[in-house]
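The values are calculated or read from the model by the stated rules, or taken from the named source; none is laboratory data. Remember, it's a predicted structure, so these values are computed and weren't measured experimentally. Don't worry about glycine lacking a Cβ; one is built from the backbone with ideal geometry, like all the others, and counts go over all protein chains shown. The area values use the complete protein model at the heavy-atom level, side chains included, leaving out ligands, DNA and RNA. Shrake-Rupley method; radii C 1.70, N 1.55, O 1.52, S 1.80 Å.
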Amino acid sequence: MNVWTVANQKGGVGKTTTAITLAGLLSEQGQRVLLIDTDPHASLTSYLNYDCDDLTVGLFDLFVAPMLDAELVHNATIETPYNGINLLPATMALATLDRTLGHRDGMGLILKNIITLVSGDYDFVIIDCPPVLGVMMVNALASSDRILVPVQTEFLALKGLDRMVKTFEIMQRSCTNKFHYTVIPTMFDRRTKASIVSLQTLQQNYSQNVWRAVIPVDTQFRNASLKHMPPSMYSRSSRGVAAYGALLQDLLAGIKQQDRMYG
């Protein structure tokens, strides 16, 4: 099983779009995918047309459970209408975890334990993170094989990336698993100088970690979200979905290469 975390300490850069699009593409290849929404704003949960106020159980309940087991995780998991895609939903209560449980021993590994309990049920886990370094992001990073960092190709988003990379360096010192990160240039508009200059800056400053291509601006992403559908199932031939398809191919090729090196 592979665990990918979609993270950035800046909002509005395409994290939820990245998570749901990759999940849709993987499911179309017959892969079993668990989406985990760790953001108290519940963007991913809302995207899939679930109202967090109506949910009786979710990720928060697993974090505060006295004892975790696979049945609890299954009970908190939603089978979405899309074949092969399940969701561990978020609720606003997640926002209280930093205050109420942030200093508890082992708090940073709860999500990893949750994933381990259901590891035989899925091929991929994709975690959508809040744009804040707190208990939820720490848990997500500690669970990951690879971190995907969507970065909007504009100046302010690049400043946020600097902070994110420093967070990775801090986490690497305390994590037993050595995760890798891939910077994904998003919302690229080749008609604007800002996008072009920002992309060049990304490639110069993070050359070893920047994905080779870009995710373009595409109105079909917005249209798919209005229909609560993975973009690949809403508009398979759109240029944005094609770009994510190329990204997925590269990520899967990277997994095969690692397997050859360490397997």
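Whole number please: convex hull volume per residue of the Cα set in region 119-211, in Å³?
113 Å³
Can you work out the Karplus-derived ³J(HN,Hα) for every residue in region 31-37? Use 6.51 cos²θ - 1.76 cosθ + 1.60 with θ = phi - 60°, whole Hz, and x for glycine or proline.
Karplus-based 3J(HN,Hα) across region 31-37 equals 7, 8, 10, 10, 8, 10, 9 Hz.
What is the dipole size for the chain, taken about its Cα centre, with +1 at each Lys and Arg Cβ and -1 at each Asp and Glu Cβ, in debye to the nearest 20?
Dipole of the chain, to the nearest 20 debye: 1180 debye.
Taking H as built 1.01 Å from N, whose amide H comes closer than 5 Å to the amide H of Val3, not counting residues under 5 places away?
Distant-sequence amide H within range of Val3: Val125, Asp145, Arg146.
Rounded to the nearest 5, what % of DSSP beta bridges with both residues in the chain are antiparallel?
Percent antiparallel among DSSP bridges in the chain is about 5.
List the aspartates and glutamates whose Cα sits under 17 Å from the Cα of Lys159, skipping any in the same chain fewer than 8 residues away.
By straight Cα distance, Lys159 reaches Glu169.
With a 1.4 Å probe and all protein chains left in place, how much accessible area per residue does region 35-179 have, in Å²?
45 Å²
Identify, among Pro81, Leu97, Phe60, the residue whose Cα sits farthest towards the positive end of the charge dipole of region 47-125, taking +1 on the Cβ of Lys and Arg and -1 on the Cβ of Asp and Glu, with the dipole about the Cα centre.
About the Cα centre, the residue reaching furthest to the positive side is Leu97.
Taking the alpha-carbon distance from Lys227 and a cut-off under 27 Å, which lysines remain once sequence neighbours fewer than 8 residues away in the same chain are dropped?
Within the straight-line limit of under 27 Å, Lys227 reaches these lysines: Lys10, Lys15.
Using only Cα atoms, figure out Rg for region 72-150 and give it as a multiple of 2.2 N^0.38 Å.
Taking the Cα Rg and dividing by 2.2 N^0.38 Å, one obtains 1.13.
Just round it to a whole percent: the fraction of Cα-Cα distances in region 47-179 exceeding 24 Å.
For region 47-179, the share of Cα pairs beyond 24 Å comes to 34 percent.
Taking amide H atoms as placed 1.01 Å from N in the peptide plane, list the residues 5 or more away in sequence, or in a different chain, whose amide H sits under 5 Å from that of Val210.
Val183
Below 8 Å, C-alpha to C-alpha, sequence gap of six or more: please give me the relative contact order for the chain in percent.
For the chain, the relative contact order is 26 percent.
Placing unit charges on C-beta atoms (Lys and Arg positive, Asp and Glu negative, everything else neutral), compute the dipole magnitude of region 40-172 about its Cα centre in debye, rounded to 20.
The dipole of region 40-172 has a size of about 560 debye.
For region 127-141, what does the Karplus curve 6.51 cos²θ - 1.76 cosθ + 1.60, with θ = phi - 60°, yield as ³J(HN,Hα) per residue in whole Hz, taken in order and with x for Gly and Pro?
Taking θ as phi minus 60°, the curve returns 10, 9, 9, x, x, 9, 7, x, 4, 5, 5, 4, 4, 5, 5 Hz for region 127-141.
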